[in-house]
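Input: a single structure, listed below in structure tokens.
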Amino acid sequence: MRDIKILEAYYINELNSNLNSQKFVYLPEEPLESVLPFIKISNRDTSVPIILYGPDLSRVIYIFSSKTSLYNDFGIHHATIDTILDNLKFKLFDYFTFSTKILEGSDLDNLLSLNELIKLKDSINPKKPSRSNPVILKDRVQNIEQNFYSLRQAAFYIEDMEGVCDLGTLRKHMKKNTLYKDR
């Protein structure tokens, strides 16, 4: 089966056909030399799972389905992840370690949701992103005002309160200065 995957990966990469809906084939960790060419590709989704560890490398916090998912969901630049991926001595924000393999003895029982992970990241590194615009939410139901450094953070807060929040719809309501979800 491994030989079939290697051959499939070779033809997908060599032919680079626009008919291929799947651009890469994920190969298991062993041997690592055969997986590295797929991990090093930065402009495409490699479909190699990225494991996020806590500070002591014993607990898996989250598993991203691919590098692209990590870039988009965690908000990390591809150059940064290429530098720190599988470097177990380097910790992003002195907390997170990224790997393509599950370390022996890792605790997989208490994975965080994406929202919980983003909140943890923001609590560890509360710096305001350079491209973000501050958002002030006024909740008429609870009669409170909340300040957020980005629309995304405001959306996470609304998700916690309402269960769901659409960023596009929230953005439209903000531009028109109208109520969102009757609150």
Completion exercise
With criteria (1) outside any strand (DSSP E or B); (2) surrounded by fewer than 16 Cβ atoms within 10 Å (Cβ to Cβ); (3) modelled with pLDDT of 80 or more, Phe74 comes up short on (2)
Completion exercise
Restricted to the stretch 105-141 and to residues being touching a helix residue (DSSP H, G or I) at 6+ places or on another chain (Cβ under 8 Å) and within 24 Å of Val60 (Cβ to Cβ), the residue modelled with the lowest pLDDT is Asp122
Fill in the blank from the handout: Counting only residues in the stretch 141-150 that are hydrophobic (A, V, I, L, M, F, W, C) and surrounded by fewer than 18 Cβ atoms within 10 Å (Cβ to Cβ), the one farthest from Asp73 (Cα to Cα) is identified as Val141
Practice task
Say whether the condition of being under 22 Å from Phe64 (Cα atoms), modelled with pLDDT under 85 and outside any helix (DSSP H, G or I) is met by at least one residue in the stretch 142-159.
Solution key: no
Problem - the stretch 102-126 - residue that is polar (S, T, N, Q) and outside any helix (DSSP H, G or I) and, of those, farthest from Phe156 (Cα to Cα) - result: Ser106
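The values are calculated or read from the model by the stated rules, or taken from the named source; none is laboratory data. This is a predicted model, so every value here is computed, not measured. Using ideal geometry, Cβ is built from the backbone for each residue, glycine included, and neighbour counts are taken over all protein chains shown.
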